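Have a look at the structure below, then the notes.
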Amino acid sequence: MNTASSSNRILIFDTTLRDGEQSPGCSMSPQQKLVMARALAELGVDMIETGFPASSQSDREATAMIASELRNTGLCVLSRCLPGDIETSARALENAVKPRIHLFLSTSPLHREHKLRMSKEQILESINKHVTLARRYINDIEFSTEDATRTEDDFLAEAVMVAIAAGATTINLPDTLGYTTPNEMRNLFERLIATVPGARNVVFSAHCHNDLGLAAANSLAAIEGGARQIECTINGIGERAGNCALEELVMALKVRHPYYEIDTGINSQRLVQTSQLLTRLTGMMVQRNKAIVGANAFAHESGIHQHGMLRNRNTYEIMNPEDVGWAASQMVLGRHSGRAAVEHRLRALGYLLGEEELNLVFTQFKDLCETQRVVNDSDLQALMQGPSESEGYRLASMFVGDGGQNQRASARVELSDPEGQHVSETAEGDGPVDALFSALSAATGVELVLDSYQVHSVGVGADARGEANLSVRYQGVEYEGSGVSQDIIEASALAWLDVANRLLRQRGNAGKAAAVTA
């Protein structure tokens, strides 16, 4: 086979800053794009698509900033087949050490008729004209046949042939609508690489969308068919259902290396921190069960799974959490956990229990799981130290105002404290919930750092209730709380108090234990 399609090295083309940013709500400022580009370079991607310069001044500024700083990573910009776009793209890349212009033009019947209103002959003429023009500015030219997987085989081959003859060095075959299947994708690459003149002298690339949940599978199939560049994004963000997730592709190739025998230049130990950086920059959270970088990717709650993990971690994990940037696997203690996991955690905390004692604590543990989803180390220590007399703070009343235009939101809460006395506090915040949590913090004296906050409906119709779930940190330890009410703001307050009361009970039990020791 040729050098391009038989290489055992896959080029990772990251389009987080271009296609990923097109995901609703994920726009980034030039400075944010520079921060993300630095992280992508440290991660080891081969090519960063920085944006679409002809579309906005912001993309032009971001590309120029990134090009002035990153000297060892390839930088690419997207361009329509228009002379003005190409000239703008070339100017934006003036300071880049390894520049590339990425031209695209639709080829499918649907796009030809309804989007472009161009004939096959006009499309082939445009490809030849604009790839030739782009080569006058920059030697490295990528050409994409947009909606390739819904294009007739013979016309797609002709379009690819024209692009190669005009000077394209990379040919990208996008599954623009996430429409194709792995078998079709593999056959498409095999066929074009084998039959199109000049195909063996260029790099073939795949750009797969996830509309049917097949982006990673289709990208791997493209590799099997001869593709040697994959276009992907961190966390799989992008148009509609997103793109192939970089972390999923990279780890599939790494975990299944004996099968694929193909490597990337990615430092996989930086995957989690790069994912979390993108979340902070865009505000788009990663679902907890997301492969590789989700909070539950290496978490185990089922008693059967935990028992297997305690015997041999390979029973329920196919990769090391440290290899992708997590500190360790998590044995989450909750409703589905068994005695073995609880005993193992108690031993780690220094408690060596006999059979009868363990039975009693395990029963108390199960009772606790009926009122909270996750039981952490502090909860276990509280069980070992006995029940607290304090019932904690209770919500007596609350008022929250959004503040109106150009004014901060405010909140007033009245609580019944552990001694039965009433305490009230007022606070302001950047929004109603922020003000509410600030008022609760002032009333209880508990400072919590909010990591995530979600509300959703439980039930339907007039009986529907709102459930609030939040994840917070206190002195570096993560806690989760939940609350349910017909009013979602009240549910949010109850979720906050769920955590605060737990911490106060633990603090009280710790004080009792210290007094007994003294």
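The values are calculated or read from the model by the stated rules, or taken from the named source; none is laboratory data. Note that this is a predicted model, so its numbers are computed, not measured. In this analysis, Cβ positions are derived from the backbone assuming ideal geometry, glycine residues included, and neighbour counts consider all displayed protein chains.
Would you mind finding the one in 119, 126 that is more than 25 Å from the chain's Cα centre (by Cα) and touching a residue at least 40 places away in the same chain (Cβ under 8 Å)? Break it down into steps so the answer makes sense when it comes.
Numbers: 119 fails: touching a residue at least 40 places away in the same chain (Cβ under 8 Å).
So the residue among 119, 126 that is more than 25 Å from the chain's Cα centre (by Cα) and touching a residue at least 40 places away in the same chain (Cβ under 8 Å) is 126.
Check whether at least one residue in region 9-22 is assigned to a strand (DSSP E or B), touching a residue at least 12 places away in the same chain (Cβ under 8 Å), under 18 Å from residue 172 (Cα atoms) and of a type in the set (Phe, Trp, Tyr), and report yes or no.
Taking every residue of region 9-22 in turn, at least one turns out to be assigned to a strand (DSSP E or B), touching a residue at least 12 places away in the same chain (Cβ under 8 Å), under 18 Å from residue 172 (Cα atoms) and of a type in the set (Phe, Trp, Tyr).
Test residue 101 against the criterion of being crowded, with 23+ Cβ neighbours inside 10 Å, within 19 Å of residue 243 (Cα to Cα) and either in contact with a Lys or Arg (Cβ under 8 Å, 6 or more places away or on another chain) or among the β-branched types (Val, Ile, Thr) (or both), and give yes or no.
Numbers: crowded, with 23+ Cβ neighbours inside 10 Å: yes; within 19 Å of residue 243 (Cα to Cα): no; either in contact with a Lys or Arg (Cβ under 8 Å, 6 or more places away or on another chain) or among the β-branched types (Val, Ile, Thr) (or both): yes.
Spelling it out, it is not the case that residue 101 is crowded, with 23+ Cβ neighbours inside 10 Å, within 19 Å of residue 243 (Cα to Cα) and either in contact with a Lys or Arg (Cβ under 8 Å, 6 or more places away or on another chain) or among the β-branched types (Val, Ile, Thr) (or both).
Just a yes or no: is a residue in region 331-339 under 24 Å from residue 273 (Cα atoms) and surrounded by 15 or more Cβ atoms within 10 Å (Cβ to Cβ)?
Let us first name the residues in region 331-339 that are under 24 Å from residue 273 (Cα atoms), namely 331-332.
Filter once more, keeping what is surrounded by 15 or more Cβ atoms within 10 Å (Cβ to Cβ): 331-332.
Scanning region 331-339 turns up at least one residue that is under 24 Å from residue 273 (Cα atoms) and surrounded by 15 or more Cβ atoms within 10 Å (Cβ to Cβ).
Could you check region 34-46 and list, in sequence order, the residues that are touching a residue at least 60 places away in the same chain (Cβ under 8 Å), of a type in the set (A, V, I, L, M) and either outside the structural domain of residue 98 (by TED's automatic domain parsing) or touching a strand residue (DSSP E or B) at 6+ places or on another chain (Cβ under 6 Å) (or both)? Write out each step before concluding.
Going residue by residue through region 34-46, those that are touching a residue at least 60 places away in the same chain (Cβ under 8 Å) are 35-36, 39-40, 42-46.
Filter once more, keeping what is of a type in the set (A, V, I, L, M): 35-36, 39-40, 43, 45.
Matches in region 34-46: 40, 45.
What single numbered condition from (1) surrounded by fewer than 23 Cβ atoms within 10 Å (Cβ to Cβ); (2) at pLDDT 95 or above; (3) not in a loop (DSSP other than H, G, I, E, B) fails to hold for residue 265?
That leaves (3) as the condition not met.
Is there a residue being free of Cβ contacts under 8 Å to residues at least 12 places away in the same chain, surrounded by fewer than 21 Cβ atoms within 10 Å (Cβ to Cβ) and assigned by TED's automatic domain parsing to the domain that holds residue 102 anywhere in region 56-77?
yes
Of all residues being touching a residue at least 40 places away in the same chain (Cβ under 8 Å) and surrounded by fewer than 18 Cβ atoms within 10 Å (Cβ to Cβ) in region 182-201, which is nearest to residue 212 (Cα to Cα)? Just the residue, please.
Among residues in region 182-201 that are touching a residue at least 40 places away in the same chain (Cβ under 8 Å) and surrounded by fewer than 18 Cβ atoms within 10 Å (Cβ to Cβ), the one nearest to residue 212 (Cα to Cα) is 200.
Which numbered condition in (1) touching a Ser or Thr at 6+ places or on another chain (Cβ under 9 Å); (2) of a type outside the set (Lys, Arg); (3) surrounded by fewer than 17 Cβ atoms within 10 Å (Cβ to Cβ) is the only one that residue 154 fails?
Failed condition: (1).
Looking for something assigned to a helix (DSSP H, G or I) and under 20 Å from residue 208 (Cα atoms) - is there at least one such residue anywhere in region 67-86? Before you say what the answer is, go through the steps one by one.
Our first condition is that a residue be assigned to a helix (DSSP H, G or I); within region 67-86, this holds for 67-69, 83-86.
Restricting the remaining residues to those that are under 20 Å from residue 208 (Cα atoms) gives none.
There is no residue in region 67-86 that is assigned to a helix (DSSP H, G or I) and under 20 Å from residue 208 (Cα atoms).
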